[in-house]
1. Could you order Val29, Val199 so the one with the most accessible surface comes first? Probe is 1.4 Å.
2. Going Cα to Cα from Lys16, which lysines come in below 19 Å? Please leave out same-chain ones fewer than 8 positions away.
3. So how far, in whole Å, is the C-alpha centre of the range 221-282 from the one of the range 11-46?
4. Compare the Cα positions of Leu278, Val234, Pro267 along the charge dipole of the range 226-282 (+1 at Cβ of Lys, Arg; -1 at Cβ of Asp, Glu; about the Cα centre) and return the one farthest towards the positive end.
5. Once ligands and nucleic acids are excluded and a 1.4 Å probe is used, how much of Lys129 is accessible, expressed in Å² to the nearest 10?
6. Hey, could you get me the Stokes-Einstein D for the chain, Kirkwood radius over alpha-carbon pairs, 37 °C and 0.692 mPa s, rounded to whole µm² s⁻¹?
7. Largest first, please: the extent of the C-alpha atoms of the range 235-282 along each principal axis, to the nearest Å.
8. Can you give the convex hull volume of the alpha carbon atoms of the range 119-166 per residue, in Å³?
Amino acid sequence: MSEKVLITGANGQLGKELVELFTQKGFEVHGFGRKDMDITNQAQVKEIIHRIQPNIVLHSAAHTKVDLAESEPEQAFAINSYGTRNVAIAAEQVGAKLVYVSTDYVFDGTGTEPYDEFAPTSPLGVYGKSKLAGEKFVRDLHSEFFIVRTSWVYGKHGANFVKTMLKLGEEKKELSVVADQVGCPTYTLDLAATILELVQTEKYGVYHVSNSGQCSWYEFAKAIFEEAGMNVQVNPCTTEEFPRPAARPAYSVFKHQSLEINNISIPRPWKSGLSHFLNNID
């Protein structure tokens with residue numbers, strides 16, 4: 001009997017990667033995009049999860065448009081906080097393990113040392129606040145959960161920084177990229193693999209999952225062009241030179257303490273992940 005896994009946000013950048021990986025590993029996969037399951041509709045969420053009776057729920061659906069969230073906070077909280085509450089309650093009722101994908105935006109980025117899983121949270125903007133409220137619902141309403149915080153996500157599905165840089169590199173010979181925000185790039189393939197490893201344990205709790213090492217967006221962009229063999233001049237600039245509606249954490253480097261303590265594999269260095277991605281683009 002293969003285990004049943006239900007995936008929310010199945011058409012998203014990470015969701016598609018999870019559907020592919022869990023299918024490949026022999027799970028019975030039920031993927032739901034926004035059109036098939038509106039997570040803000042509690043009755044619908046309950047009906048679907050009770051009907052399918054999954055063993056595992058991977059909750060990757062989210063309102064991720066960070067700048068837009070500032071101008072539509074109700075929408076961000078409806079999806080990221082109350083939507084997560086709806087999924088957590090139904091998953092608990094059917095006895096399913098729950099993975100909630102959270103974010104480095106739960107931190108304010110004023111730190112100077114990598115953040116471990118027990119570091120105090122203090123989100124700067126609506127997106128981070130709504131995701132943190134989602135974490136709280138998971139802790140309060142579910143008993144077998146993995147809160148997986150990740151950062152700077154890219155992969156073969158959907159839009160992301162790496163694809164944007166490649167596109168801009170085709171059009172321009174010179175670019176300015178923010179150099180005063182430092183974090184950890186995360187390749188969806190590696191993130192999905194860590195989630196797969198986690199759900200096969202009972203080592204519940206909060207995990208920081210990103211590729212290992214750290215860089216600024218400027219260093220990330222330079223590495224993308226180097227690895228892709230593109231001759232593009234990248235100039236460092238400051239966050240102030242590129243004002244955005246939502247504040248970003250200036251420093252959101254993760255310490256992978258929970259992975260280490262619980263003997264879960266730590267994802268490969270970010271440059272190796274990037275190299276794998278760029279060498280496997282269709």
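1. Accessible-area ranking of Val29, Val199, largest first: Val29, Val199.
2. Partners found: Lys4, Lys25, Lys35, Lys65, Lys156, Lys163.
3. Going from one Cα centre to the other spans 26 Å.
4. Highest projection toward the positive end goes to Pro267.
5. The accessible area of Lys129 comes to roughly 100 Å².
6. Diffusion coefficient, whole number: 171 µm²/s.
7. 41, 34, 18
8. 128 Å³
The values are calculated or read from the model by the stated rules, or taken from the named source; none is laboratory data. Being a predicted model, the structure only gives us computed values, none of them experimental. Glycine gets a Cβ as well: all are built from the backbone with ideal geometry, and neighbour counts include every protein chain shown. Heavy atoms of the whole protein, side chains included, go into the accessibility calculation; ligands, DNA and RNA do not. Shrake-Rupley method; radii C 1.70, N 1.55, O 1.52, S 1.80 Å.
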